[in-house]
Amino acid sequence: MKKFFLFTVLGIMFFISSCTKSDTDDSDQVRSQALQKILEETKSSSEAPAVMLSIARPSKNWKWSGAIGKANIGSNEIASTDHRWRVASVTKMFTAAAVMMLVEENKINLDGSISLYLSPSMMANISSRITNANSIKVRNLLNHTSSLGEYTGTNEFSSLFPNSNSAPTREQAIDIGLQYSPAGNMGTWKYSNTGYNLLSLIIENASGKPYRTFVKERILDPLKMYNSYFSNDEFMIQPFITPYFTLTPPVTEQNNFALFNCNWGIGTGDLISSQEDLQTFLQALMRGKIVSNQSLQLMKSNGVPSAYLGLPSETYGLGLMMAEDPDFIGHAGDLFGIHTKAFYLKSIDTYIITTVNQNDQDIQVFEMIGKVKNWIENNDN
(Lines give C-alpha, C1' and ligand atoms only; values in the text may rest on other atoms or scores of the structure.)
Protein backbone atom coordinates (compact mmCIF):
# COMPACT_ATOMS: atom_id res chain seq x y z
CA MET A 1 0.00 0.00 0.00
CA LYS A 2 2.86 2.35 0.90
CA LYS A 3 4.62 1.53 -2.40
CA PHE A 4 1.41 2.16 -4.33
CA PHE A 5 0.94 5.50 -2.53
CA LEU A 6 4.56 6.46 -3.19
CA PHE A 7 4.34 5.59 -6.89
CA THR A 8 1.07 7.51 -7.17
CA VAL A 9 2.57 10.62 -5.57
CA LEU A 10 5.69 10.41 -7.73
CA GLY A 11 3.55 9.99 -10.83
CA ILE A 12 1.48 13.05 -9.99
CA MET A 13 4.62 15.07 -9.29
CA PHE A 14 6.15 13.99 -12.60
CA PHE A 15 2.94 14.90 -14.43
CA ILE A 16 2.81 18.34 -12.80
CA SER A 17 6.51 18.88 -13.47
CA SER A 18 6.13 17.89 -17.11
CA CYS A 19 3.15 20.17 -17.61
CA THR A 20 4.91 23.06 -15.89
CA LYS A 21 8.05 22.65 -18.02
CA SER A 22 5.99 22.40 -21.19
CA ASP A 23 3.95 25.46 -20.25
CA THR A 24 7.13 27.38 -19.47
CA ASP A 25 8.73 26.42 -22.77
CA ASP A 26 5.61 27.52 -24.65
CA SER A 27 5.52 30.79 -22.74
CA ASP A 28 9.19 31.47 -23.46
CA GLN A 29 8.67 30.80 -27.16
CA VAL A 30 5.63 33.08 -27.38
CA ARG A 31 7.50 35.86 -25.58
CA SER A 32 10.59 35.46 -27.73
CA GLN A 33 8.54 35.57 -30.93
CA ALA A 34 6.67 38.68 -29.78
CA LEU A 35 9.82 40.57 -28.83
CA GLN A 36 11.60 39.53 -32.01
CA LYS A 37 8.65 40.86 -34.00
CA ILE A 38 8.89 44.22 -32.20
CA LEU A 39 12.61 44.35 -32.98
CA GLU A 40 11.98 43.57 -36.66
CA GLU A 41 9.24 46.21 -36.88
CA THR A 42 11.62 48.80 -35.46
CA LYS A 43 14.31 47.87 -37.97
CA SER A 44 11.79 48.22 -40.81
CA SER A 45 10.59 51.64 -39.67
CA SER A 46 14.02 53.11 -38.93
CA GLU A 47 16.99 54.00 -41.11
CA ALA A 48 19.49 52.44 -38.73
CA PRO A 49 21.69 49.70 -40.20
CA ALA A 50 21.37 47.79 -36.92
CA VAL A 51 18.97 47.77 -33.98
CA MET A 52 19.72 46.05 -30.68
CA LEU A 53 17.36 45.38 -27.80
CA SER A 54 17.89 43.82 -24.38
CA ILE A 55 15.11 43.27 -21.83
CA ALA A 56 15.29 41.85 -18.30
CA ARG A 57 12.59 41.16 -15.73
CA PRO A 58 14.39 39.70 -12.70
CA SER A 59 11.14 39.55 -10.71
CA LYS A 60 9.72 37.26 -13.41
CA ASN A 61 13.02 35.42 -13.85
CA TRP A 62 13.47 36.04 -17.56
CA LYS A 63 15.61 38.08 -19.90
CA TRP A 64 15.78 38.44 -23.67
CA SER A 65 18.26 40.02 -26.06
CA GLY A 66 18.18 40.48 -29.80
CA ALA A 67 20.03 42.21 -32.61
CA ILE A 68 19.09 42.73 -36.24
CA GLY A 69 20.76 44.37 -39.21
CA LYS A 70 24.37 45.18 -40.01
CA ALA A 71 27.07 46.18 -37.58
CA ASN A 72 29.15 47.26 -40.57
CA ILE A 73 27.72 47.98 -44.00
CA GLY A 74 31.02 47.75 -45.86
CA SER A 75 31.89 44.26 -44.63
CA ASN A 76 28.27 43.07 -44.29
CA GLU A 77 29.02 42.13 -40.69
CA ILE A 78 25.78 41.08 -39.00
CA ALA A 79 24.92 42.71 -35.68
CA SER A 80 24.84 40.37 -32.70
CA THR A 81 24.13 40.65 -29.00
CA ASP A 82 27.87 40.27 -28.41
CA HIS A 83 28.80 43.54 -30.13
CA ARG A 84 30.35 46.33 -28.10
CA TRP A 85 30.03 50.06 -28.69
CA ARG A 86 30.69 53.45 -27.15
CA VAL A 87 27.79 54.03 -24.77
CA ALA A 88 28.42 57.81 -24.77
CA SER A 89 26.57 59.68 -22.03
CA VAL A 90 25.36 56.49 -20.37
CA THR A 91 28.86 56.83 -18.88
CA LYS A 92 27.44 59.62 -16.71
CA MET A 93 25.58 57.07 -14.57
CA PHE A 94 28.91 55.43 -13.77
CA THR A 95 30.43 58.81 -12.93
CA ALA A 96 27.50 59.71 -10.69
CA ALA A 97 27.69 56.33 -8.94
CA ALA A 98 31.43 56.84 -8.37
CA VAL A 99 30.76 60.26 -6.83
CA MET A 100 28.11 58.79 -4.53
CA MET A 101 30.53 56.07 -3.42
CA LEU A 102 32.94 58.78 -2.33
CA VAL A 103 30.12 60.70 -0.66
CA GLU A 104 29.39 57.58 1.39
CA GLU A 105 33.05 57.49 2.39
CA ASN A 106 32.91 61.17 3.45
CA LYS A 107 35.46 62.09 0.80
CA ILE A 108 33.05 64.28 -1.17
CA ASN A 109 30.29 66.57 0.08
CA LEU A 110 27.43 66.97 -2.40
CA ASP A 111 26.81 70.49 -1.15
CA GLY A 112 30.47 71.40 -0.93
CA SER A 113 31.99 73.92 -3.32
CA ILE A 114 33.78 72.45 -6.30
CA SER A 115 36.73 74.61 -5.23
CA LEU A 116 37.36 72.06 -2.46
CA TYR A 117 38.16 69.38 -5.03
CA LEU A 118 39.65 71.16 -8.04
CA SER A 119 43.10 72.65 -8.52
CA PRO A 120 43.58 76.41 -7.99
CA SER A 121 44.47 76.83 -11.66
CA MET A 122 41.26 75.10 -12.78
CA MET A 123 39.19 77.20 -10.38
CA ALA A 124 40.88 80.35 -11.66
CA ASN A 125 39.89 79.38 -15.20
CA ILE A 126 36.29 78.74 -14.14
CA SER A 127 36.16 81.96 -12.12
CA SER A 128 37.33 83.95 -15.13
CA ARG A 129 34.14 82.88 -16.92
CA ILE A 130 31.54 82.60 -14.17
CA THR A 131 30.87 85.09 -11.39
CA ASN A 132 30.77 83.46 -7.94
CA ALA A 133 32.18 80.20 -9.34
CA ASN A 134 32.99 79.14 -5.77
CA SER A 135 29.25 78.81 -5.16
CA ILE A 136 28.99 75.95 -7.68
CA LYS A 137 28.37 72.76 -5.71
CA VAL A 138 29.18 69.18 -6.62
CA ARG A 139 25.42 68.62 -6.76
CA ASN A 140 25.16 71.30 -9.48
CA LEU A 141 27.60 69.39 -11.67
CA LEU A 142 25.68 66.15 -11.19
CA ASN A 143 22.30 67.58 -12.20
CA HIS A 144 23.54 70.05 -14.85
CA THR A 145 22.54 73.20 -12.97
CA SER A 146 26.03 74.74 -12.72
CA SER A 147 25.59 77.19 -15.66
CA LEU A 148 28.75 75.73 -17.23
CA GLY A 149 28.83 75.82 -21.03
CA GLU A 150 28.92 72.97 -23.54
CA TYR A 151 31.70 72.20 -26.02
CA THR A 152 30.16 69.53 -28.26
CA GLY A 153 28.81 71.01 -31.47
CA THR A 154 31.18 73.97 -31.38
CA ASN A 155 33.60 74.79 -34.18
CA GLU A 156 36.45 74.90 -31.69
CA PHE A 157 35.76 71.33 -30.61
CA SER A 158 35.19 69.98 -34.13
CA SER A 159 38.44 71.51 -35.38
CA LEU A 160 40.37 69.28 -32.99
CA PHE A 161 39.34 66.11 -34.87
CA PRO A 162 41.42 66.15 -38.09
CA ASN A 163 41.83 62.37 -37.83
CA SER A 164 41.22 59.48 -35.45
CA ASN A 165 44.57 59.86 -33.72
CA SER A 166 44.17 63.54 -33.05
CA ALA A 167 41.53 64.61 -30.57
CA PRO A 168 41.26 67.10 -27.72
CA THR A 169 42.28 66.20 -24.21
CA ARG A 170 39.88 66.41 -21.30
CA GLU A 171 41.43 69.70 -20.24
CA GLN A 172 41.10 71.15 -23.76
CA ALA A 173 37.43 70.13 -23.86
CA ILE A 174 36.83 71.77 -20.47
CA ASP A 175 38.51 74.96 -21.66
CA ILE A 176 36.25 75.12 -24.73
CA GLY A 177 33.20 74.54 -22.55
CA LEU A 178 34.27 77.37 -20.28
CA GLN A 179 34.51 79.68 -23.29
CA TYR A 180 30.75 79.21 -23.65
CA SER A 181 30.06 79.86 -19.97
CA PRO A 182 27.87 80.94 -18.39
CA ALA A 183 25.24 79.08 -20.38
CA GLY A 184 22.28 80.08 -18.26
CA ASN A 185 21.40 80.76 -14.65
CA MET A 186 22.86 78.66 -11.88
CA GLY A 187 20.16 76.34 -10.58
CA THR A 188 18.52 75.97 -13.98
CA TRP A 189 19.12 72.80 -16.01
CA LYS A 190 21.47 73.12 -18.98
CA TYR A 191 23.17 69.96 -20.21
CA SER A 192 26.93 70.23 -19.80
CA ASN A 193 29.53 67.61 -20.62
CA THR A 194 32.01 70.10 -19.19
CA GLY A 195 30.51 69.55 -15.75
CA TYR A 196 31.00 65.79 -15.94
CA ASN A 197 34.58 66.24 -17.10
CA LEU A 198 35.08 68.27 -13.93
CA LEU A 199 33.43 65.51 -11.89
CA SER A 200 36.02 63.06 -13.21
CA LEU A 201 38.73 65.39 -11.87
CA ILE A 202 36.91 65.61 -8.54
CA ILE A 203 36.78 61.81 -8.33
CA GLU A 204 40.52 61.67 -9.00
CA ASN A 205 41.25 64.27 -6.32
CA ALA A 206 39.04 62.60 -3.71
CA SER A 207 40.09 59.01 -4.42
CA GLY A 208 43.75 59.53 -5.29
CA LYS A 209 43.31 57.39 -8.40
CA PRO A 210 42.75 58.09 -12.11
CA TYR A 211 39.05 58.20 -12.93
CA ARG A 212 39.17 55.15 -15.19
CA THR A 213 41.10 53.12 -12.61
CA PHE A 214 38.61 54.00 -9.88
CA VAL A 215 35.58 53.04 -11.97
CA LYS A 216 37.22 49.80 -13.10
CA GLU A 217 38.25 48.76 -9.59
CA ARG A 218 35.06 49.82 -7.82
CA ILE A 219 32.36 49.12 -10.41
CA LEU A 220 33.41 47.16 -13.51
CA ASP A 221 35.52 44.47 -11.84
CA PRO A 222 33.23 43.74 -8.85
CA LEU A 223 30.27 43.37 -11.22
CA LYS A 224 32.34 41.19 -13.59
CA MET A 225 31.64 43.55 -16.48
CA TYR A 226 34.38 42.01 -18.59
CA ASN A 227 33.03 43.41 -21.87
CA SER A 228 33.30 46.97 -20.58
CA TYR A 229 36.42 49.07 -20.72
CA PHE A 230 37.89 52.47 -21.48
CA SER A 231 39.97 53.04 -24.60
CA ASN A 232 41.85 56.18 -25.53
CA ASP A 233 43.35 54.96 -28.78
CA GLU A 234 42.42 52.95 -31.84
CA PHE A 235 42.57 49.60 -30.09
CA MET A 236 39.10 48.12 -29.83
CA ILE A 237 38.09 44.64 -28.77
CA GLN A 238 36.03 43.01 -31.51
CA PRO A 239 33.21 42.67 -32.31
CA PHE A 240 32.63 46.43 -32.35
CA ILE A 241 29.66 48.14 -33.97
CA THR A 242 30.25 50.86 -36.57
CA PRO A 243 28.35 54.16 -36.18
CA TYR A 244 26.86 56.06 -39.12
CA PHE A 245 26.08 59.76 -39.36
CA THR A 246 24.06 59.42 -42.55
CA LEU A 247 22.94 56.78 -45.01
CA THR A 248 22.47 59.24 -47.86
CA PRO A 249 24.53 57.89 -50.78
CA PRO A 250 27.41 57.59 -50.79
CA VAL A 251 27.32 55.98 -47.36
CA THR A 252 30.13 57.27 -45.20
CA GLU A 253 31.38 54.84 -42.60
CA GLN A 254 32.51 56.92 -39.66
CA ASN A 255 35.31 54.57 -38.71
CA ASN A 256 37.34 57.57 -37.66
CA PHE A 257 34.77 58.03 -34.90
CA ALA A 258 34.22 54.33 -34.16
CA LEU A 259 37.92 53.99 -33.46
CA PHE A 260 39.17 57.24 -32.08
CA ASN A 261 40.91 58.84 -29.16
CA CYS A 262 38.33 59.61 -26.48
CA ASN A 263 40.47 61.23 -23.81
CA TRP A 264 38.28 64.32 -24.02
CA GLY A 265 35.29 62.27 -22.85
CA ILE A 266 36.70 61.09 -19.52
CA GLY A 267 33.83 61.00 -17.06
CA THR A 268 31.25 62.07 -19.59
CA GLY A 269 31.17 59.59 -22.49
CA ASP A 270 34.25 57.38 -22.83
CA LEU A 271 32.97 53.95 -21.72
CA ILE A 272 32.70 51.01 -24.13
CA SER A 273 30.25 48.28 -23.14
CA SER A 274 27.77 45.61 -24.25
CA GLN A 275 24.09 44.80 -23.78
CA GLU A 276 24.76 42.23 -21.08
CA ASP A 277 27.14 44.45 -19.13
CA LEU A 278 24.82 47.46 -19.21
CA GLN A 279 22.03 45.24 -17.92
CA THR A 280 24.30 44.10 -15.11
CA PHE A 281 25.18 47.66 -14.15
CA LEU A 282 21.68 49.11 -14.37
CA GLN A 283 20.14 46.32 -12.31
CA ALA A 284 22.85 46.55 -9.67
CA LEU A 285 22.48 50.33 -9.44
CA MET A 286 18.69 50.29 -9.15
CA ARG A 287 18.76 47.52 -6.54
CA GLY A 288 21.19 49.31 -4.24
CA LYS A 289 24.15 47.04 -4.94
CA ILE A 290 26.57 49.73 -6.14
CA VAL A 291 25.63 52.55 -3.82
CA SER A 292 23.36 52.34 -0.78
CA ASN A 293 19.61 52.64 -1.10
CA GLN A 294 19.89 55.98 0.69
CA SER A 295 22.36 57.24 -1.92
CA LEU A 296 20.20 55.87 -4.73
CA GLN A 297 17.23 57.75 -3.31
CA LEU A 298 19.28 60.96 -3.34
CA MET A 299 20.13 60.34 -6.99
CA LYS A 300 16.43 59.96 -7.84
CA SER A 301 15.06 62.75 -5.63
CA ASN A 302 14.39 66.38 -6.48
CA GLY A 303 14.92 66.04 -10.21
CA VAL A 304 15.07 69.35 -12.05
CA PRO A 305 13.00 69.97 -15.20
CA SER A 306 15.13 69.02 -18.21
CA ALA A 307 14.89 68.68 -21.97
CA TYR A 308 17.50 66.18 -23.20
CA LEU A 309 14.96 63.78 -24.73
CA GLY A 310 12.21 66.30 -25.38
CA LEU A 311 9.66 64.56 -23.15
CA PRO A 312 7.07 66.73 -21.36
CA SER A 313 7.55 65.07 -17.97
CA GLU A 314 11.34 64.80 -18.14
CA THR A 315 13.53 65.59 -15.12
CA TYR A 316 17.20 65.09 -14.26
CA GLY A 317 18.44 63.84 -10.89
CA LEU A 318 22.02 63.18 -9.84
CA GLY A 319 23.26 61.47 -12.99
CA LEU A 320 19.85 60.01 -13.79
CA MET A 321 17.29 60.93 -16.44
CA MET A 322 13.71 60.40 -15.32
CA ALA A 323 10.27 60.69 -16.89
CA GLU A 324 6.65 59.73 -16.26
CA ASP A 325 5.51 59.03 -19.82
CA PRO A 326 7.13 56.68 -20.56
CA ASP A 327 7.99 56.08 -16.92
CA PHE A 328 11.70 55.39 -16.65
CA ILE A 329 14.91 56.02 -14.75
CA GLY A 330 18.28 55.74 -16.46
CA HIS A 331 20.28 57.56 -19.08
CA ALA A 332 20.60 58.00 -22.83
CA GLY A 333 23.81 58.37 -24.79
CA ASP A 334 24.42 59.90 -28.22
CA LEU A 335 27.83 60.00 -29.86
CA PHE A 336 28.83 60.29 -33.52
CA GLY A 337 26.16 58.01 -34.98
CA ILE A 338 25.72 55.55 -32.11
CA HIS A 339 22.78 55.96 -29.75
CA THR A 340 22.01 54.09 -26.54
CA LYS A 341 19.23 54.10 -23.98
CA ALA A 342 19.56 52.29 -20.65
CA PHE A 343 16.25 52.57 -18.80
CA TYR A 344 14.51 50.98 -15.84
CA LEU A 345 10.74 51.08 -16.38
CA LYS A 346 9.32 51.37 -12.89
CA SER A 347 5.68 50.49 -13.54
CA ILE A 348 6.50 47.09 -15.05
CA ASP A 349 9.75 46.43 -13.14
CA THR A 350 11.67 45.98 -16.38
CA TYR A 351 15.16 46.92 -17.57
CA ILE A 352 15.61 47.88 -21.22
CA ILE A 353 18.79 48.59 -23.20
CA THR A 354 18.46 49.84 -26.79
CA THR A 355 21.13 50.67 -29.35
CA VAL A 356 21.03 51.93 -32.94
CA ASN A 357 24.01 52.86 -35.11
CA GLN A 358 22.41 55.79 -36.93
CA ASN A 359 21.54 59.39 -36.01
CA ASP A 360 18.03 60.74 -35.37
CA GLN A 361 16.18 57.53 -34.51
CA ASP A 362 14.65 58.57 -31.17
CA ILE A 363 11.05 58.33 -32.39
CA GLN A 364 11.50 54.75 -33.59
CA VAL A 365 13.35 53.72 -30.43
CA PHE A 366 10.69 55.16 -28.11
CA GLU A 367 8.02 53.45 -30.21
CA MET A 368 9.90 50.18 -29.69
CA ILE A 369 10.11 50.75 -25.93
CA GLY A 370 6.38 51.55 -25.91
CA LYS A 371 5.55 48.35 -27.76
CA VAL A 372 7.65 46.31 -25.32
CA LYS A 373 5.91 47.95 -22.38
CA ASN A 374 2.46 47.33 -23.85
CA TRP A 375 3.24 43.69 -24.56
CA ILE A 376 4.50 43.11 -21.02
CA GLU A 377 1.50 44.87 -19.46
CA ASN A 378 -0.92 42.78 -21.51
CA ASN A 379 0.86 39.44 -21.50
CA ASP A 380 3.38 39.12 -18.68
CA ASN A 381 1.87 40.66 -15.53
Result of the Cβ filter at 7 Å on segment 285-303, keeping first residues that are in contact (Cβ under 8 Å) with a residue 40 or more places away in the chain and partners that are among the acidic types (Asp, Glu) and not in a loop (DSSP other than H, G, I, E, B), at least 6 apart or interchain, is Val291/Glu104; Ser292/Glu104; Ser295/Glu104
Checked against (1) at pLDDT below 95; (2) closer than 25 Å to Leu345 by Cα; (3) surrounded by 22 or more Cβ atoms within 10 Å (Cβ to Cβ), Val51 satisfies every condition except (1)
With criteria (1) surrounded by 13 or more Cβ atoms within 10 Å (Cβ to Cβ); (2) closer than 25 Å to Phe94 by Cα; (3) among the small types (Gly, Ala, Ser), Ala133 comes up short on (2)
Taking segment 90-107 and the residues there that are among the polar types (S, T, N, Q) and crowded, with 24+ Cβ neighbours inside 10 Å, the one that is nearest to Ser231 (Cα to Cα) would be Thr91
Residues of segment 320-355 being closer than 21 Å to Ile272 by Cα and assigned to a loop (DSSP other than H, G, I, E, B), in sequence order, are Leu320, Phe336, Gly337
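Condition check ((1) assigned to a loop (DSSP other than H, G, I, E, B); (2) over 23 Å from the mean Cα position of the chain (by Cα); (3) at pLDDT below 95) across all residues:
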site: Pro168; (1), (2), (3): yes, no, yes
site: Pro182; (1), (2), (3): yes, yes, yes
site: Asn185; (1), (2), (3): yes, yes, yes
site: Tyr191; (1), (2), (3): yes, no, no
site: Tyr196; (1), (2), (3): no, no, no
site: Leu199; (1), (2), (3): no, no, no
site: Asn205; (1), (2), (3): no, yes, no
site: Arg212; (1), (2), (3): no, no, no
site: Arg218; (1), (2), (3): no, no, no
(1) crowded, with 21+ Cβ neighbours inside 10 Å; (2) not β-branched (Val, Ile, Thr); (3) not in a loop (DSSP other than H, G, I, E, B) all hold for Gln358 apart from (3)
Subset of segment 46-101, residues of a type in the set (Val, Ile, Thr) and either in a helix (DSSP H, G or I) or farther than 21 Å from Phe240 by Cα (or both), comes to Val90, Thr91, Thr95, Val99
Taking segment 341-370 and keeping residues farther than 26 Å from Gly319 by Cβ and in contact with a Leu (Cβ under 9 Å, 6 or more places away or on another chain) leaves Gln358
Does Ile363 satisfy the criteria of being assigned to a helix (DSSP H, G or I), surrounded by fewer than 23 Cβ atoms within 10 Å (Cβ to Cβ) and free of Cβ contacts under 8 Å to residues at least 40 places away in the same chain? yes
Here, helices (runs of 4 or more DSSP H) confined to segment 244-309 with at least 1 residues that are farther than 23 Å from Gln361 by Cα and either at pLDDT below 85 or β-branched (Val, Ile, Thr) (or both) are 275-286
Filtering segment 104-147 for residues that are touching a residue at least 24 places away in the same chain (Cβ under 8 Å), out of contact with any Asp or Glu (no Cβ under 9 Å at 6 or more places or on another chain), of a type in the set (A, V, I, L, M, F, W, C) and not in a loop (DSSP other than H, G, I, E, B) leaves a count of 4
Arg84 vs (1) over 27 Å from Ile290 (Cα atoms); (2) among the charged types (D, E, K, R); (3) under 16 Å from the mean Cα position of the chain (by Cα): all pass except (1)
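The values are calculated or read from the model by the stated rules, or taken from the named source; none is laboratory data. Remember, it's a predicted structure, so these values are computed and weren't measured experimentally. Cβ sites come from the backbone with ideal geometry, for glycine too, and all protein chains shown count toward neighbours.
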